[in-house]
Amino acid sequence: MLDILIPTFRRPQNLKPLHQNLLEVTRGDFELTLLVERSDLETVHEINRIPCRSIIGDFLTFSNAINTGYFLTQGDTFFTGMDDMVFTDGWDVEPQRILRTRSDVAAVISIMDGIYNGCFTVRRLYVLENSLVEGMPNLVLYPYHHHESDREMLWTLHNRGVLVKCPESVIHHQHQEDSTHIKTKSMDKVDFETYWARRHLFRG
């Protein structure tokens, strides 16, 4: 079972199309989990119309939402996603095959608009035993506000030699220019400084 973890904030109009997209193009067994801020009342209302799992909380950041989703799901593998992604046919097949057949691989990164950045399918047991955050047990992402969390995760997996690129798994990112985008960009300077302060831990 693949748990698809999607933090969402003030984009209720995206959720039904996202769910339908996943139903149409995901070939293996999966469960979509939407992670919704308690303060986002419009989205809280909308998720009642979508037949998927939802977790409502005070996450405040993308990283906290993904970590919470990891703790509260149980599939053998999980995917870290965003609410403005479009998945292509069979995007899940090759990542799941790799993780099922190669014990040396802990995570597979999909290609997103020609770049390997931020779309990870991860073996849960690896995180439980090794963590993906240096110095902190059993975490997927260091608690950045948003934009450097996936870069630290990528380099941690890469330098441990447990990450595989997967060109067969194709995802598109819509990069919506809205209030949510403005919010995620607002703390970029702080996140960038945090990343460089931590960089020696996972890049040497």
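The values are calculated or read from the model by the stated rules, or taken from the named source; none is laboratory data. Since the model is a prediction, treat every value here as computed from it, not as a measurement. Reconstructed Cβ throughout: ideal geometry from the backbone, glycine too, with neighbour counts over all protein chains shown. Accessible surface is based on the protein model in full, side chains and every heavy atom, while ligands, DNA and RNA are left aside. Shrake-Rupley method; radii C 1.70, N 1.55, O 1.52, S 1.80 Å.
Quick check on the chain: helices-only [θ] at 222 nm, where DSSP H runs of length 4 and up contribute -39,500 (n - 2.57) each and the sum goes over total residues. Nearest 500, please. Mind showing how you got there, number by number?
Details: 8 runs with 81 residues, N = 204.
It comes out at -11500 deg cm²/dmol, rounded to the nearest 500.
Please state the relative contact order of the range 77-169 as a whole percent: Cα pairs under 8 Å, 6+ residues apart?
RCO, the range 77-169: 34 percent.
Which whole-number value in Å² is the accessible area per residue of the range 88-172, probe 1.4 Å?
44 Å²
Mind running the shape call on the range 1-94? Use the C-alpha gyration tensor, a ≥ b ≥ c as the square roots of the eigenvalues: rounded below 1.5 for a/c, prolate if a/b tops b/c, oblate otherwise.
Oblate.
Over the chain, what relative contact order in percent results from Cα pairs under 8 Å that are six or more residues apart? Each step should come with its number before you reach the end.
Details: 391 pairs, mean separation 45.2, N = 204.
RCO, the chain: 22 percent.
How far apart, in nm, are two points set 7 Å out from the Cα along the Cα-to-Cβ line at Asn48 and at Arg102?
4.6 nm
In terms of the Cα gyration tensor, with a ≥ b ≥ c the square roots of its eigenvalues, is the range 63-188 rounded because a/c is under 1.5, prolate because a/b exceeds b/c, or oblate?
Oblate, since a/c reaches 1.5 and b/c is not below a/b.
For Glu168 paired with Asn130, estimate the spin-label separation in nm (one decimal), with each label point 7 Å from Cα along the Cα-to-Cβ line.
Computed distance between label sites Glu168 and Asn130 equals 2.2 nm.
With θ set to phi - 60°, apply the Karplus curve 6.51 cos²θ - 1.76 cosθ + 1.60 along the range 38-54 and write out the HN-Hα couplings as whole Hz, x wherever there is a Gly or Pro.
4, 6, 8, 5, 5, 6, 4, 5, 5, 5, 5, 9, 10, x, 8, 7, 9
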